[in-house]
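Written below as structure tokens is the structure these notes are about.
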Amino acid sequence: MFLFYKLNNEYIEFECSNFFDKKNYDKIKLTKALKTSLMKRFKISIDEYILNNTDIKKIEKCGFCDEYAHYDIIFKISSHKKTFLIEIKNIDYNNKFYCKSKNKKCEGKTYNPNSVIFVSKSRRISEEDALNLIHDRNKSPFYLNNYKNYDDYKNYQSLQSRLSADKYKSFIKNLKYSKTIEYYIEKYGENEGISIWNFINSKKDSMSFNYILNKNNNDYKKSIIEYKNRVKSVMPANKAFLGGFYSKSSFNFFEKIKNELNLNDKDIIYGKNEFFLEYFDTKLNKKRKFYYDFIDLKNRIIIEYNGLRWHPNKNKMTKEQYDNWYHPFDKDLKKEELEEKEILKENIAKNNKFNYIIIWDCDDITDNINYISNYYKSKKLL
């Protein structure tokens, strides 16, 4: 529709889509159409037009820069020549004096819109009033801007510091109870409660590798990919542990073994995709994993590549070396504990019907390759 506005006592025609009558129009599109007409025909901004052609004699400045603050226009619309005359009756800042980045160098762009300093300067109120305003529109105790300083914010995050000793103790007790089958029976009744509890635990089990392995009919390579993707999807990147440690020397050695024995890539796993077996730790009462350096799935052979830096060995070290050995990352870890763990690791592999070979990086590499090659030949696998 064609509309009119007044400039220097003349009626200027302009076009605005989606304008139907006084009560049926899009104010944003009307404002844009008026701005476009003023700039294209007269090279003036809407701000200049308001100051020189309306009763509004002042436009407020941004709280951060010299640019005019952003505002909404309040229109007066009257009949004119079988159409409508558009006049600017007033402007509304919505209690915020900010240019909304009209000035690309505006300092306000560097502040969080929910920070005390931004609210204070853009609304021209004290910092205390700004903080109260932030509180009113966001009551969350976990909202940093609701606090005068970071220490107050951190102190509130501690439930124990907010509650009395009795209330905190009661909270922990109820929290533990809410994770029991008795809680679900009490809340939903015996039959439904047990059903819900079993469903929850089946979901927990679906995160285990054994669950995925069984689902994929013991296809290990397919299962390990699915398992790692599932773990990645639920754990932060800096927390997810998807493989054991392997050295460059072990990787190079297994490359030589693969080539020497002409093994198929589809049948072997080593390097960053280290093979693991799950077992139940009776001491800790939970499932754990052992990672293995090299696995030949087809022939069910595991090869461990051990270094004296990580694995003490009386037969490979002098008495002085053995007595003075300590773990590079944990000096409190006893040799006896580590040796006991190595025995358990081997037994877990054998219990899962794998043949188990250990070679040492301190031995001659050719001898190690020949040893493994002879082992394969003795089993008639080559």
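Sequence-ordered 3J(HN,Hα) estimates for the range 69-75 from the Karplus curve with 6.51, -1.76 and 1.60 and θ = phi - 60° stand at 5, 6, 8, 9, 8, 9, 8 Hz, glycine and proline given as x.
By the Cβ distance rule of under 4.7 Å, the chain has these cysteines without a partner: Cys16, Cys362.
Quick one: grab the alpha carbon gyration tensor of the range 1-111, order the square roots of its eigenvalues as a ≥ b ≥ c, and give me rounded if a/c is under 1.5, else prolate or oblate depending on whether a/b is larger than b/c. Judged from the Cα gyration tensor, the range 1-111 comes out prolate (a/c at least 1.5, a/b above b/c).
Under the convention that each Lys and Arg Cβ holds +1 and each Asp and Glu Cβ holds -1, the size of the dipole of the range 2-92 around its Cα centre is about 320 debye. Think of each Lys and Arg Cβ as +1 and each Asp and Glu Cβ as -1; about the Cα centre, that makes the dipole of the chain roughly 1260 debye. Highest mean packing first, where packing is the average number of other Cβ atoms within 10 Å per residue, the peptides 181-191, 354-364 line up as 354-364, 181-191.
Once the Cα atoms are used to define both axes, helix 165-177 deviates from the longest principal axis of the chain by about 70 degrees.
In this structure the amide hydrogen of Glu304, modeled in the peptide plane, comes within under 5 Å of the amide hydrogens of Ile357, Ile358, Ile359, none closer than 5 places in sequence on its chain.
Highest average first, the peptides 314-321, 214-221, 300-307, 65-72 ordered by how many other beta carbon atoms sit within 10 Å of their residues are 300-307, 65-72, 214-221, 314-321. Backbone amide hydrogens, once placed in the peptide plane, bring Glu67 within less than 5 Å of Cys62, excluding anything fewer than 5 places away on its chain. Only one item in (1) 19.7, 61; (2) 37.0, 109; (3) 21.8, 70 matches Rg and Dmax of the Cα atoms in Å derived from the coordinates shown, and that item is (2).
Approximating the spin labels as points 7 Å out from Cα along Cα→Cβ, the Lys331-to-Lys379 distance works out to 4.2 nm. As a length-normalised measure over Cα pairs under 8 Å and 6 or more apart, the relative contact order of the range 2-92 settles at 26 percent.
Amide H contacts for Ile88 (H built 1.01 Å from N in the peptide plane; partners 5 or more residues away or on another chain; cut-off under 5 Å): Lys76. Under the simplified labelling scheme, the Tyr177-Phe42 pair shows an inter-label distance of 7.5 nm, with each label point 7 Å from Cα along Cα→Cβ. Checking every one of the trypsin sites (Lys or Arg not before Pro) in the range 56-132 against DSSP loop status and a limit of 16 other Cβ atoms within 10 Å picks out Lys57, Lys58, Lys81, Lys82, Lys100, Lys102, Lys104, Lys105, Arg124. Residue-wise HN-Hα couplings along the range 16-26, as the Karplus relation 6.51 cos²θ - 1.76 cosθ + 1.60 with θ = phi - 60° gives them from phi, are 9, 6, 6, 9, 10, 7, 4, 9, 10, 7, 9 Hz; Gly and Pro carry x. Please label the shape of the range 243-378 as rounded, prolate or oblate, based on the square roots a ≥ b ≥ c of the eigenvalues of the alpha-carbon gyration tensor (a/c under 1.5 means rounded; beyond that, a/b larger than b/c means prolate, else oblate). Oblate, because a/c is 1.5 or more while a/b does not exceed b/c.
In terms of distances greater than 27 angstrom between alpha carbons, the cross-link table entries Lys272/Lys380; Lys40/Lys89; Lys319/Lys345; Lys176/Lys334; Lys222/Lys334; Lys215/Lys298 yield Lys272/Lys380; Lys176/Lys334; Lys222/Lys334.
Of the chymotrypsin sites (Phe, Trp or Tyr not before Pro) found in the range 11-44, those that fall in a DSSP loop while having at most 11 other beta-carbon atoms within 10 Å are Phe20. Put a dot 7 Å past the Cα of Asn315, heading toward its Cβ, do the same for Asp136, and the two dots end up 8.0 nm apart. The phi torsions of the range 27-41, fed into the Karplus equation with coefficients 6.51, -1.76 and 1.60 and a -60° offset, translate into couplings of 5, 5, 5, 5, 4, 5, 5, 5, 4, 4, 5, 4, 6, 5, 8 Hz, rounded to whole numbers, with Gly and Pro shown as x.
Values quoted throughout were computed directly from the atomic coordinates according to the rules given, and no laboratory measurement underlies them. Since this is a predicted model, take the numbers as computed values, not measurements. Note that each Cβ is placed from the backbone with ideal geometry, even for glycine, and that neighbours are counted across all protein chains shown.
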